[in-house]
1. Could you list, in sequence order, the residues of the range A:32-52 that are open to solvent by 50 Å² or more (accessible area, probe 1.4 Å) and more than 10 Å from chain B (Cβ to nearest Cβ)?
2. Quick one: is residue A:79 within 24 Å of residue A:13 (Cα to Cα), assigned to a loop (DSSP other than H, G, I, E, B) and either polar (S, T, N, Q) or open to solvent by 10 Å² or more (accessible area, probe 1.4 Å) (or both)?
3. In the range B:58-74, what residues are among the charged types (D, E, K, R) and either over 23 Å from residue B:8 (Cβ atoms) or open to solvent by 80 Å² or more (accessible area, probe 1.4 Å) (or both)?
4. Could you list, in sequence order, all residues of the range B:52-100 that are more than 16 Å from residue B:21 (Cα to Cα), of a type in the set (Gly, Ala, Ser) and within 14 Å of chain A (Cβ to nearest Cβ)?
5. Quick check, is residue B:55 aliphatic (A, V, I, L, M) and either in contact with a Cys (Cβ under 7 Å, 6 or more places away or on another chain) or open to solvent by less than 70 Å² (accessible area, probe 1.4 Å) (or both)?
6. Of all residues in the range B:8-24, which are more than 10 Å from residue B:91 (Cβ to Cβ) and part of a strand (DSSP E or B)?
7. In the range B:34-51, which residue that is aliphatic (A, V, I, L, M) and more than 10 Å from the chain's Cα centre (by Cα) is nearest to the other protein chains (Cβ to nearest Cβ)?
8. Answer yes if at least one residue in the range B:80-94 is open to solvent by 20 Å² or more (accessible area, probe 1.4 Å), among the β-branched types (Val, Ile, Thr) and over 12 Å from the mean Cα position of the chain (by Cα), and no otherwise.
Amino acid sequence: SQWGEENLQALSIQEGEDVTMNCSYKTYTTVVQWYRQKSGKGPALIILIRSNEREKRSGRLRATLDTSSQSSSLSITGTLATDTAVYFCATEGSSGSWQLIFGSGTQLTVMP
Amino acid sequence: DPKIIQKPKYLVAVTGSEKILICEQYLGHNAMYWYRQSAKKPLEFMFSYSYQKLMDNQTASSRFQPQSSKKNHLDLQITALKPDDSATYFCASSQDRGSSYEQYFGPGTRLTVL
C-alpha cells in the first residue's frame with residue numbers, strides 16, 4: 001500500500017480553531033497534492049507541494065513536506081464551518097510514476 | 001458553467017447489465033482519467049488517457065472499458081455489472097499527463113448495482 005494509514009480519519013472541531021492533518025507515504029514522490037472533497041462533490045486541489053519545498057502556503061492553508069520521513073501535513077488556521085470536508089493527500093504511485101495515489105483521507109467537521 | 005460534465009449523476013442498474021458513464025471536459029486539457037470511490041475507501045485510479053490514447057490501466061477487470069471518441073470525451077463502459085461495482089465514478093482531467101499537473105474532477109456518477 002502507498003499509505004501508512006488505511007482508514008478514514010475523523011476530526012471534529014469548533015469554528016475558529018486551527019487544525020493539522022497528517023499523512024505518510026511509503027514510496028518516493030516528487031509532489032504531494034492535497035485535495036478537499038465536499039459532500040456530494042468531486043475532489044478539488046487546494047495545495048500542491050513539491051519535493052524541493054518544505055512548506056507552501058495558500059491563504060489559511062499551510063502544507064509541509066518532509067521527504068526524509070516521507071510525510072506531509074496540512075494545516076488550516078481559523079477554521080470555518082465551510083471547511084467541513086474530507087481532505088486527501090495524493091502522491092505519485094511507484095517510483096517515477098505520474099499516477100496520483102490517494103490516501104484514505106480525513107473527515108473534518110467544523111462546527112459553527 | 002461546469003467545466004467537466006458527467007452523466008448521469010445517478011444510475012441504478014441490475015446485476016449482469018451494461019452501462020456507459022459519460023464524461024466531457026471543456027478545459028482544453030490533453031489528459032483525462034477515471035477514478036472510482038467506494039464507500040469508506042480512498043479514490044482508486046482506474047485509467048488515464050493522453051491525446052485520446054490509453055496510457056495506463058489499473059483496472060484488473062476487462063469489464064471496464066474506457067472509450068474516447070473525441071479529445072475532450074472519455075466515457076466508461078461497464079459490462080456484466082456486479083453489486084461490487086457500486087461506487088461513485090469520477091472523471092478528471094489535467095493539462096497534460098503528469099503528477100505535477102492539477103487534476104480537475106467532475107461531480108461524479110453514483111452507480112448502484114442491485
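The values are calculated or read from the model by the stated rules, or taken from the named source; none is laboratory data. Note that this is a predicted model, so its numbers are computed, not measured. Every residue, glycine among them, receives a Cβ derived from its backbone with ideal geometry; neighbour counts consider all protein chains shown. The protein model used for the area step is the full one, side chains on, heavy atoms only, and it has no ligands, DNA or RNA in it. Shrake-Rupley method; radii C 1.70, N 1.55, O 1.52, S 1.80 Å.
1. Once the filter is applied, which keeps residues that are open to solvent by 50 Å² or more (accessible area, probe 1.4 Å) and more than 10 Å from chain B (Cβ to nearest Cβ), the range A:32-52 yields A:36, A:38, A:39, A:52.
2. yes
3. The first filter runs over the range B:58-74 and keeps only residues among the charged types (D, E, K, R), leaving B:63, B:70-71.
Those that are among the charged types (D, E, K, R) and either over 23 Å from residue B:8 (Cβ atoms) or open to solvent by 80 Å² or more (accessible area, probe 1.4 Å) (or both): B:70, B:71.
4. Correct list: B:94, B:98, B:99, B:100.
5. On the way: aliphatic (A, V, I, L, M): yes; either in contact with a Cys (Cβ under 7 Å, 6 or more places away or on another chain) or open to solvent by less than 70 Å² (accessible area, probe 1.4 Å) (or both): no.
No: the conditions fail for residue B:55.
6. Just the residues of the range B:8-24 that are more than 10 Å from residue B:91 (Cβ to Cβ), to begin with: B:8-20.
Selection gives B:10, B:11, B:12, B:13, B:19, B:20.
7. First, the residues of the range B:34-51 that are aliphatic (A, V, I, L, M): B:39, B:43, B:46.
With the extra rule that they be more than 10 Å from the chain's Cα centre (by Cα), the set shrinks to B:39, B:43.
Values: B:39: 10, B:43: 4 Å.
Among residues in the range B:34-51 that are aliphatic (A, V, I, L, M) and more than 10 Å from the chain's Cα centre (by Cα), the one nearest to the other protein chains (Cβ to nearest Cβ) is B:43.
8. Keep residues of the range B:80-94 that are open to solvent by 20 Å² or more (accessible area, probe 1.4 Å), which gives B:80, B:82-84, B:86, B:88.
From what is left, the residues that are among the β-branched types (Val, Ile, Thr) are B:88.
Of the ones still in play, those that are also over 12 Å from the mean Cα position of the chain (by Cα) are none.
Within the range B:80-94, none of the residues are open to solvent by 20 Å² or more (accessible area, probe 1.4 Å), among the β-branched types (Val, Ile, Thr) and over 12 Å from the mean Cα position of the chain (by Cα).
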